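Novice: Got a structure here, written out as structure tokens. Questions coming.
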Amino acid sequence: MSLMRKSLKVLDVRVITSDAELEFGVEWKATGKQLFELVCRTIGLRETWYFGLKYRDKKNHNVWLRPEKKIVEQDLPKTNPVMFHLMVMYFPEEVHEELIQEITQHLFFLQVKQQILNQEIYCPPEASVLLASYAVQAKFGDYDPEVHVPGFLSDEELLPKKVIDQYQMTPDMWEERISAWYEEHRGMSRDEAEMEYLKIAQDLEMYGVNYFEIKNKKNTDLFLGVDALGLNIYEKDNQLVAKISFPWSEIRNISFHDKKFVIKPIDKKSPDFIFYSQKLRVNKVILQLCVGNHELFMRRRKVDTIEVQQMKAQAREEKARKQIERNKLAREKHLREIAEREKEEMERQLRHFREEARLSNEALLRSQETAELLAEKANIAEEEALLLAKKAAEADQEIQRISLQAIKSEEEKRMMELKALDAELVANKIAEDSDRRSMEAEQLKEELIRAKEAEKNAKDKLIELSKNTWSAPPMYQYPSQEISHDLSDLHLDADLSASSETSCDLIPDGDVEQLSLEIEKERVEYMEKSKHLQEQLNELKTEIEVMKIEEKQTHFDLLHNDMVQRGVTKYSTLKKIKAGTTKARVAFFEEL
């Protein structure tokens, strides 16, 4: 198969991007530009000027594919397929202002993240924890305590290995600190989290700098740093703080012959800036990076091309559409939360009503049982009263009979009188018992009446509770009408002349005003967030400082700590080293 493809003059190519692998069969005479454009079209990348195809040549040097030359003429390795890596070649000065497409931003994010994890870009420990929290937000979305339980980051590579080795902290302790920040990023979309990551990363001293070993006329070992702003010179043991810098605005021409590099300043009175590299192949890479960065530096200071203006207009349109969509989702989420709260409240009320109904039913049953018991006692009292009355009547009859017999004889009379007295006493006692039983019966009847009234009241209350339960407000219903935004009226009026401006009516005036207010609000919130963020970084640094293993501090850690103590930052250093004339800086370089 490979022989047939060779006979057909087809070159097998595999291109590895930050999150995918692509395979192509390109013509044998295809140029680097044709392959690069094929890759960009495949992944939908339009901001092509930041990227390039990197590979290892036959001498195992990392080099960039030259767009103007044929692929097969560029010292390719003898592998099948030939491996290329799509990587960021040129970095913007300000990611938030310059990166337009989401795919561009995503590729930048993945590459910078990997460079930080590989320690190609030095990142202090507390900042690496913050960056990790944004990476988690970009991958997993909003924090959910039911889903993101302890241990969910155990398989994720989020921190540089040297950072982990420097502290006596378990993976759970690192995860706890990352999750604390991750929880605060709720509501961020993937592209927003990635952009926040890049905005923090671009302030790191080694971000966007390509380093090369060079020497000056005194044969001093130095580092040349090529970045978006110009050329920086570093001492051999310090790649964080540049000693001097030459911005692109002061450079007129760059050339090399063999190992000698000559940079001519715009000021013709200033001497040439000369340095020496080690290998010819490296010289070509340095020149390629210098030319490309210089072109982008000048392009940023000119009016955007029609293509870029259209891309920015489309990006603004897409951003406005997504903002409207996010607002819609936020409103729906808010309404859903309100509905959930109302549902919980109604369920709580329903449980309360059911509990009251249950208690009322139990009270009613107890009242009914009491009433039945009292009724039974009243019946027994009435029966006893009737029995006593019957006995009293029988006693009266006995008294009359005895009285009649007492007439027969005096003695019998006396005996009868005695018996009569005894009977009368018994009768009185029985009468008293009868009266007492009658009173008890009356009391039991009154208690029965009260029990029946209590039973009636309990039934009335149960009926009232039933009515209240059925008359409770209905469960929350989502509005049937969806919030929509019609983008059919969007139009783009563009004059292709160089002086024309691109206009794009994205949304009605009221929405534009609302969007402006939201942008201003976001700006104020960002300032407050930055202040809060710095405070959090300082707190985390203080918290983990006690667990630091001093002997495992790297050279970069010591340099960074010294910079922090002296109040030196990346931008204050750039401002300082650009001071003075070009001539003075060239002289300083030669004396290093």
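Novice: Residues Ala423, Ala472: which one is in a loop (DSSP other than H, G, I, E, B) and at pLDDT below 75? Break it down stepwise before answering.
Specialist: Details: Ala423 fails: in a loop (DSSP other than H, G, I, E, B).
Sole residue among the options that is in a loop (DSSP other than H, G, I, E, B) and at pLDDT below 75: Ala472.
Novice: On the given criteria, is Val88 touching a Phe, Trp or Tyr at 6+ places or on another chain (Cβ under 6 Å) and either closer than 22 Å to Gly225 by Cβ or among the acidic types (Asp, Glu) (or both)? Don't jump to the end; show me each part of the working.
Specialist: Working: touching a Phe, Trp or Tyr at 6+ places or on another chain (Cβ under 6 Å): yes; either closer than 22 Å to Gly225 by Cβ or among the acidic types (Asp, Glu) (or both): yes.
Considered against the rule, which asks whether it is touching a Phe, Trp or Tyr at 6+ places or on another chain (Cβ under 6 Å) and either closer than 22 Å to Gly225 by Cβ or among the acidic types (Asp, Glu) (or both), Val88 comes out as yes.
Novice: Now for a different question. Does Met311 count as farther than 17 Å from Tyr211 by Cα, touching a residue at least 40 places away in the same chain (Cβ under 8 Å), assigned to a helix (DSSP H, G or I) and in contact with a Pro (Cβ under 8 Å, 6 or more places away or on another chain)? Write out each step before concluding.
Specialist: Values: farther than 17 Å from Tyr211 by Cα: yes; touching a residue at least 40 places away in the same chain (Cβ under 8 Å): yes; assigned to a helix (DSSP H, G or I): yes; in contact with a Pro (Cβ under 8 Å, 6 or more places away or on another chain): no.
It is false that Met311 is farther than 17 Å from Tyr211 by Cα, touching a residue at least 40 places away in the same chain (Cβ under 8 Å), assigned to a helix (DSSP H, G or I) and in contact with a Pro (Cβ under 8 Å, 6 or more places away or on another chain).
Novice: Can you report the number of residues in the stretch 92-101 which are surrounded by fewer than 19 Cβ atoms within 10 Å (Cβ to Cβ) and in a helix (DSSP H, G or I)?
Specialist: Counting residues in the stretch 92-101 that are surrounded by fewer than 19 Cβ atoms within 10 Å (Cβ to Cβ) and in a helix (DSSP H, G or I) gives 3.
Novice: Determine, yes or no, whether Arg358 is open to solvent by 80 Å² or more (accessible area, probe 1.4 Å), part of a helix (DSSP H, G or I) and within 30 Å of Glu447 (Cα to Cα). Write out each step before concluding.
Specialist: Details: open to solvent by 80 Å² or more (accessible area, probe 1.4 Å): yes; part of a helix (DSSP H, G or I): yes; within 30 Å of Glu447 (Cα to Cα): yes.
Criteria met by Arg358.
Novice: In the stretch 371-404, how many are crowded, with 17+ Cβ neighbours inside 10 Å, among the β-branched types (Val, Ile, Thr) and at pLDDT 85 or above?
Specialist: Counting residues in the stretch 371-404 that are crowded, with 17+ Cβ neighbours inside 10 Å, among the β-branched types (Val, Ile, Thr) and at pLDDT 85 or above gives 0.
Novice: Looking at Arg46, Arg41, Arg56, which is the one that is under 20 Å from Val282 (Cα atoms) and open to solvent by 70 Å² or more (accessible area, probe 1.4 Å)? Break it down stepwise before answering.
Specialist: Numbers: Arg46 fails: under 20 Å from Val282 (Cα atoms); Arg41 fails: under 20 Å from Val282 (Cα atoms).
So the residue among Arg46, Arg41, Arg56 that is under 20 Å from Val282 (Cα atoms) and open to solvent by 70 Å² or more (accessible area, probe 1.4 Å) is Arg56.
Novice: Continuing with the same structure: Just need a number here: residues in the stretch 542-562 that are open to solvent by 30 Å² or more (accessible area, probe 1.4 Å) and part of a helix (DSSP H, G or I).
Specialist: Of the residues in that region, 12 qualify.
Novice: Something else about it: Would a scan of the stretch 251-269 turn up a residue that is touching a residue at least 12 places away in the same chain (Cβ under 8 Å), part of a loop (DSSP other than H, G, I, E, B) and crowded, with 19+ Cβ neighbours inside 10 Å?
Specialist: The answer is no, given that none of the residues of the stretch 251-269 is touching a residue at least 12 places away in the same chain (Cβ under 8 Å), part of a loop (DSSP other than H, G, I, E, B) and crowded, with 19+ Cβ neighbours inside 10 Å.
Novice: Can you tell me which condition Ala135 does not meet? The list is (1) farther than 20 Å from Met87 by Cα; (2) under 10 Å from the mean Cα position of the chain (by Cα), and all the others hold.
Specialist: Checking Ala135 against (1) farther than 20 Å from Met87 by Cα; (2) under 10 Å from the mean Cα position of the chain (by Cα), the one that fails is (1).
Novice: Among the residues that make up the stretch 192-207, is at least one of them surrounded by fewer than 20 Cβ atoms within 10 Å (Cβ to Cβ) and more than 30 Å from Lys243 (Cβ to Cβ)?
Specialist: Yes: one or more hits.
Novice: Could you identify the single residue in Val303, Val291 that is open to solvent by 40 Å² or more (accessible area, probe 1.4 Å), closer than 30 Å to Glu192 by Cβ and either at pLDDT 90 or above or out of contact with any Leu (no Cβ under 9 Å at 6 or more places or on another chain) (or both)?
Specialist: So the residue among Val303, Val291 that is open to solvent by 40 Å² or more (accessible area, probe 1.4 Å), closer than 30 Å to Glu192 by Cβ and either at pLDDT 90 or above or out of contact with any Leu (no Cβ under 9 Å at 6 or more places or on another chain) (or both) is Val303.
Novice: Also, I was wondering about something else. Filter the stretch 333-344 for residues that are of a type in the set (D, E, K, R) and without any contact (Cβ under 8 Å) to a residue 40 or more places away in the chain; which is farthest from Met195 (Cα to Cα)? Quick ask: steps written out before the conclusion?
Specialist: At the first step, the residues of the stretch 333-344 found to be of a type in the set (D, E, K, R) are 333, 336-337, 340-344.
Filter again for without any contact (Cβ under 8 Å) to a residue 40 or more places away in the chain, leaving 333, 337, 340-341, 344.
Details: Lys333: 24, Glu337: 29, Glu340: 33, Arg341: 34, Glu344: 38 Å.
Residue satisfying both the conditions and the ranking: Glu344.
Novice: Return the pairs, sorted by first residue and then second, in which the second residue is open to solvent by less than 60 Å² (accessible area, probe 1.4 Å) and part of a loop (DSSP other than H, G, I, E, B), the first residue lies in the stretch 51-68 and is farther than 13 Å from Met87 by Cα, the beta carbons are less than 7 Å apart, and the residues are 6+ apart or on different chains.
Specialist: Partner pairs satisfying both residue conditions: Arg56/Pro77; Asp57/Asp75; Asp57/Pro77; Lys58/Asp75; Lys58/Pro77; Arg66/Gln74.
Novice: For the stretch 105-189, which helices (runs of 4 or more DSSP H) that fit wholly inside it have 2 or more residues that are within 21 Å of Ala201 (Cα to Cα) and open to solvent by less than 20 Å² (accessible area, probe 1.4 Å)?
Specialist: Working: elements: 125-140, 161-165, 171-182.
Once the helices (runs of 4 or more DSSP H) in the stretch 105-189 are filtered for at least 2 residues that are within 21 Å of Ala201 (Cα to Cα) and open to solvent by less than 20 Å² (accessible area, probe 1.4 Å), what remains is 125-140, 171-182.
Novice: Just give me the residues in the stretch 20-50 being among the basic types (Lys, Arg) and at pLDDT 90 or above, in sequence order.
Specialist: Within the stretch 20-50, the first condition is being among the basic types (Lys, Arg), and the residues that meet it are 29, 33, 41, 46.
Passing the criteria: Lys33, Arg41, Arg46.
The values are calculated or read from the model by the stated rules, or taken from the named source; none is laboratory data. This one's a predicted model, so the numbers in the text were calculated from it and none came from an experiment. Cβ: placed from backbone, ideal geometry, glycine included. Neighbour counts: every protein chain shown. SASA here: full protein model, heavy atoms, side chains in, ligands and nucleic acids out. Shrake-Rupley method; radii C 1.70, N 1.55, O 1.52, S 1.80 Å.
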